[in-house]
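The values are calculated or read from the model by the stated rules, or taken from the named source; none is laboratory data. Owing to the predicted nature of the structure, the values given are computational and were not obtained by experimental measurement. Ideal geometry is used to build each Cβ from the backbone, glycine not excepted, and the neighbour counts take in all protein chains shown.
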Amino acid sequence: MSNYKKAQASKVQTEELCNYGCGTVAQYQFWNGKLCCSKHYNSCKGKRQAFSSLDHTERTKKSLQTRIEKGITKTSQIKGGATRIKMGHYEKLAEKMKSHWEENPWDNNPRCPLLEYKYTKIKYQGTYEYEFLEELEHEKGIDWLTDNVFRGPSIWYTDIDGTQRLYISDFVIENTVYEIKSSWTWNKNGKDQSLEEKNKAKLSACVSEGYSVVLVLNHKKVLYEEIMD
């Protein structure tokens with residue numbers, strides 16, 4: 001039986017008012033205990049109105065002045081980033097964060113955390129990854145899954161804007177990286193070509209590192225060669 005639960009608002013019956021200031025009766029309760037009139041707190045009219053009524057001018061001025069005084073300019077940030085890449089800072093940080101996520105999975109993303117698949121130590125994130133593992137379990141068995149499936153490697157790739165970024169792949173089986181995507185996270189259902197090219201750049205980096213690549217798109221396996229056609 002699946003132990004995966006989405007972090008979401010729960011429907012409640014209460015006479016208490018929404019905690020976000022709209023004055024209407026709450027209909028949902030979030031994981032932190034707060035009550036809200038809507039399933040998403042940013043949809044609450046009271047919260048939206050309160051934010052819109054704020055004068056952001058002073059805060060913006062202070063932020064800009066602080067950056068000028070401390071010499072935090074765009075040029076200095078670019079130079080600093082290049083130095084950190086040269087010194088291997090990001091590689092060390094990536095390894096440190098990967099270890100942290102393994103030990104503290106709920107700190108990774110409270111809305112879509114890394115969880116352990118059933119009675120194994122295999123970590124997954126979200127329903128699509130869970131269903132990928134479940135399909136493999138039905139096909140190969142739980143013992144095979146435990147011995148052969150691992151979280152994927154971290155690989156540097158060049159983004160479409162020329163920036164070096166770290167890609168943390170989903171799973172690796174032997175020498176094959178499996179990237180699990182929905183059509184939305186792949187290219188927003190065909191509406192975002194830039195996002196698709198970004199995802200392709202990640203997979204190409206895996207191939208450059210000597211891995212084979214399989215994209216599992218909407219539960220269907222697509223080979224790397226088919227992706228790049």
Wholly inside the stretch 60-149, helices (runs of 4 or more DSSP H) that include 1 or more residues that are at pLDDT 90 or above and either under 26 Å from the mean Cα position of the chain (by Cα) or surrounded by 11 or more Cβ atoms within 10 Å (Cβ to Cβ) (or both) are 126-140, 142-148
Can Tyr28 be described as surrounded by 11 or more Cβ atoms within 10 Å (Cβ to Cβ) and modelled with pLDDT under 85? no
For the stretch 188-207, pairs from a residue that is free of Cβ contacts under 8 Å to residues at least 60 places away in the same chain to a residue that is among the small types (Gly, Ala, Ser), with Cβ under 6 Å and 6 or more apart or across chains, are Asn189/Ser183
Kindly evaluate Trp156 against the criterion of being assigned to a strand (DSSP E or B), in the same structural domain as Thr120 (by TED's automatic domain parsing) and in contact with a strand residue (DSSP E or B) (Cβ under 9 Å, 6 or more places away or on another chain). yes
When both residues are 6+ apart or on different chains and their Cβ atoms are under 8 Å apart, which pairs have a first residue that lies in the stretch 16-35 and is without any contact (Cβ under 8 Å) to a residue 60 or more places away in the chain and outside any loop (DSSP other than H, G, I, E, B), and a second that is among the hydroxyl-bearing types (Ser, Thr, Tyr) and surrounded by 17 or more Cβ atoms within 10 Å (Cβ to Cβ)? Tyr28/Ser38; Leu35/Tyr28
Of residues in the stretch 161-187 being more than 29 Å from Glu116 (Cβ to Cβ) and loosely packed, with under 14 Cβ neighbours inside 10 Å, the one modelled with the lowest pLDDT: Gln164
The stretch 111-156, residues that are farther than 30 Å from His40 by Cα and β-branched (Val, Ile, Thr): Thr120, Ile122, Ile142, Thr146, Val149, Ile155
